[in-house]
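Beneath this line is the structure, given in structure tokens, with notes to follow.
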């Protein structure tokens, strides 16, 4: 092996060429690699959405939801499904089991199951739609336009612009808000219908038979086969007025225009969009799977700038919101700027202990590994996203660690008097196995992340990919290229041998540390006891006083406001009242408020927007965290206090969006059970209990009554005598109030619906209008509604939710930062004895609590599996069962530094901090591993010294390398923790965990590990007094 190493180290040009090639390939990829907000993730979820116009929640449940859920129970591979039946719509969220090998096959089975349903209500406008949920569903930007021009002019401009946006390369889809479809309203005059005794069904039949285009067949004409085409489509909007709705043999004709007015307009306004308080049309733009989010958003902005200057947007103002590309761009800039600062600090630190040339080539390992990673990622079908960039931060410390181990050992061999080439060969050969082991143990530490379930697990699979690729490149660079780069500079290093040798600062420091280590090792039991006390004290403090959360909300930049007025509030009145909430938000200072987007007439349901006339959702985009004085949680609390002054609102809730993968609200639980009375009682008791807890707020329950109802109680005997049926009544009422689509015509590039509806004096229908409705019987006579039934007022039906096909009620809410979602959910479960007090009920925990619990449990399980695997690898290296335990003992003590750092900064321990801890573990294990390996070498080399003296000497000889690895890693990540080159709250906890963890973990390697190693040797000596069997002694303990 030494001959192979010598072959490469004697060819410095090859090493230089290899390094330059990796740098150039990486730089090329850096300009072309696909950048994205999140990794491409298949969530294993589908949403089955069904529109059922004019139906109440109970009708939707019976006619649609129950039938689909019944079929879903027969599909294998479904973990669970939840549904909500609301007015006009059914939505079923299906979660596919993570153990399923082929998710696509399960989706196809779901589609087949729905296709088997043949008894859907006739009023369904279209079959259920199956929508796959994945990270591609996350939009990249929202664009809003507003102007003083009339709405038809603004809409036409928006229509033209939408086509141009969709034509851009990289744009997959566009959702519109405030953009109403064209519609032709045929406003029937009820009085004339009554006077002429014209039934609605005959009018519908007349219109549909008139607007047709058919090909009844073909004939031969002029020796050519020609199709016979019957065309009677409407060419002009008002041509429908010429439809004959009645005629007789005397030639009397009644045209549609005689009994109705024709109005070329837009569909009824079901929701409204405002941006910064101004009515607007907005487009939410989605990117295609392979598109680069930064380049695509730049194209959109460039297009809009051109159109505003001399195109369709002249005379309009444009607002950008929810620009996710800026997060990716900012994170890239922050990582680059902090990376440059960190690289300079690494050079400075290493330069203090090694020569400038050595420091340069060690530091070059960082750009070589990162740029090499950027070159490889596209070949693995991976993108450069915020999670991948976080993984790069973790791996930087490990890259520097291995490079320093190799460099320091080569320099040490040169100082012992070896030639430059021999020093490189011997130095690398001595640490070859330990370095390989450090790489393998680090890979093993991260490998379990491949198998973590849940949404968070799917998002972080990119982390082990980044670690594996970067460390593989680093390994080649450290063992092949780096020593070859160092060989020319080694000639300047003078050997520390001979009488003329003058010890330098490091030599004197090592001598003093040797004396210190000797003293500590004499008091090893006291030292280890002190470390154990610190460990348990830290764990006790963390468990009692520190909070654990997936992603902290303090540094968030988005707030979602949900507003609800009394059920039945008209859309126009809701819009007027929402302006009061907008005014309070718009009063925030410019240093805090970016934009606010208001959607009136919608509500958040199962994380999606659903139509609801008495609700609104406002999305507040704040300025960057480091540009304002108040945290997002403080701004939300301020707005919450301000909104308490508003009257007439049923509920106003503020939710701070913490960033990271979607994991739901802090409080999210479902009470499941078929007994409505028991379920309602349990929900009420849970709400009352949570309201009594300080720090719980914005509690909502999903079973509040909807819009008040007028229940039509029909006299079925009269219906039969008068030649009527329920279907006739429902059809007429639907036409009277919502109207029915009778036909469709394509004008230009739009499909325009023709809606048949009763004309009324006001936009809002009244009871008097309802009483004047006449129903046609089977003889064509019109019967007044008042003759066949009466109207009874009653409360509205609530939205109906199911869990796995059984009725459920969802409870959601928010928590103050000092409360843990896991702890609150556990308290609720322990507070209520369901089997005794609420038989037949069950409580299902979800949202942030469920995802937090799953994520931390899986991360802990992965950590344990990794530690066991690392132990087996170390057994192979040391051929001992005890020495790997010495190395692994440093792992729990390394967490102490993380706890102290986050307690000092008063930050919660989040998921990113835990990931930083995993990276910290890799560095701590690596340093401990190399130290134990050095002790074993010295034990064979210094046969005349005691084992305690050997341990002290080996530890002192590793002082320079350990200080170098620790300080260089700290220097590389601390700029990220404090944002010296730009602050990013998402990755700052990772830098904090790595930086301070290493700062406080360094004494572990220099003090604790030698003490534990010597204690194990004491145990071995003690065992030797009682055991004489050499087999047992050789298997369990290493001694000379």
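Read-outs throughout are calculated quantities, based only on the coordinates presented, and are distinct from any laboratory measurement. Every value quoted in this text rests on a predicted model; they were computed, and no experiment measured them. Every residue, glycine as well, gets a Cβ built from its backbone with ideal geometry; the counts of neighbours run over all protein chains shown.
Structure summary
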read-out: Packing rank of 567-573, 444-450, where each peptide gets the mean count of other beta carbons within 10 Å, highest leading; value: 444-450, 567-573
read-out: Which of 243, 297 has the fewest Cβ neighbours within 10 Å, and the rest in rising order; value: 243, 297
read-out: DSSP-defined antiparallel bridges as percent of all bridges, the chain, nearest 5; value: 95
read-out: Relative contact order of the range 42-137, defined on C-alpha pairs under 8 angstrom at six or more residues apart (%); value: 46
read-out: Approximate spin-label separation residue 704-residue 576, in nm, with each point projected 7 Å along Cα-to-Cβ; value: 2.1
read-out: Overall dimensions of the range 320-424 by Cα: Rg and Dmax, Å; value: 17.6, 66
read-out: Cα gyration tensor shape of the range 75-190, rounded if a/c is under 1.5, else prolate or oblate by comparing a/b with b/c; value: oblate
read-out: Sequence-separation-based contact order of the range 225-334, relative, with Cα cut under 8 Å and 6+ spacing, percent; value: 13
read-out: Residues 713, 806 arranged by fewest to most Cβ contacts within 10 Å; value: 713, 806
read-out: Residue 379/residue 151 FRET efficiency (R0 56 Å; Cβ-Cβ; nearest 0.05); value: 0.65
read-out: Distance (nanometres) between label positions extended 7 Å along Cα→Cβ at residue 590 and residue 105; value: 6.0
read-out: Alpha-carbon centroid distance for the pair the range 285-323 / the range 71-95, whole angstrom; value: 36
read-out: Segments 462-469, 785-792 sorted - mean Cβ within 10 Å per residue, highest first; value: 462-469, 785-792
read-out: Calculated on alpha-carbon atoms, Rg and Dmax of the chain in Å; value: 36.4, 135
read-out: Distance from the range 894-920 to the range 505-543 (C-alpha centre basis), Å; value: 21
read-out: Helix axis angle, 821-831 relative to the chain longest principal axis, alpha carbon, degrees; value: 70
read-out: Nearest 10 degrees, 0 to 90: helix 1009-1026 Cα axis against the chain principal axis; value: 60
read-out: Efficiency of FRET from Cβ geometry, residue 718 and residue 792, R₀ 22 Å, rounded to 0.05; value: 0.85
read-out: Cα-Cα P(r), the range 553-657, percent of pairs per 10 Å interval; value: 15, 49, 29, 6, 0
read-out: Contact order normalised by residue count of the chain, Cα under 8 Å, 6+ apart, percent; value: 17
read-out: MRE, 222 nm, helices only [DSSP H, n ≥ 4, -39500 (n - 2.57), over the chain, to nearest 500]; value: -16500 deg cm²/dmol
read-out: Length added when fully stretched, residue 123-residue 436, from 0.36 nm per residue minus Cα-Cα; value: 105.9 nm
read-out: Computed FRET value (nearest 0.05) for residue 741 with residue 235, which takes r as the C-beta separation and R₀ as 22 Å; value: 0.65
read-out: Label-to-label distance, nm, for residues given as residue 675 and residue 73 (7 Å Cα→Cβ offset); value: 2.0
read-out: The chain: angle of helix 959-978 to the longest principal axis, Cα-based, in degrees nearest 10; value: 20
read-out: Highest average packing first - 298-306, 830-838, 90-98, 482-490, Cβ atoms within 10 Å; value: 482-490, 90-98, 298-306, 830-838
read-out: Extension gain (nm, one decimal) between residue 748 and residue 208, 0.36 nm per residue minus Cα-Cα; value: 192.3 nm
read-out: The range 42-137 - convex hull of alpha carbons, volume per residue in Å³; value: 89
read-out: Sorted by Cβ neighbour density within 10 Å, fewest at the top, the residues 980, 774, 361; value: 980, 774, 361
read-out: Directionally averaged projected area (convex hull, Cα atoms, the range 691-812), nm²; value: 14.3
read-out: Length gained when the stretch residue 66-residue 515 is fully extended (0.36 nm per residue, less Cα-Cα span); value: 153.8 nm
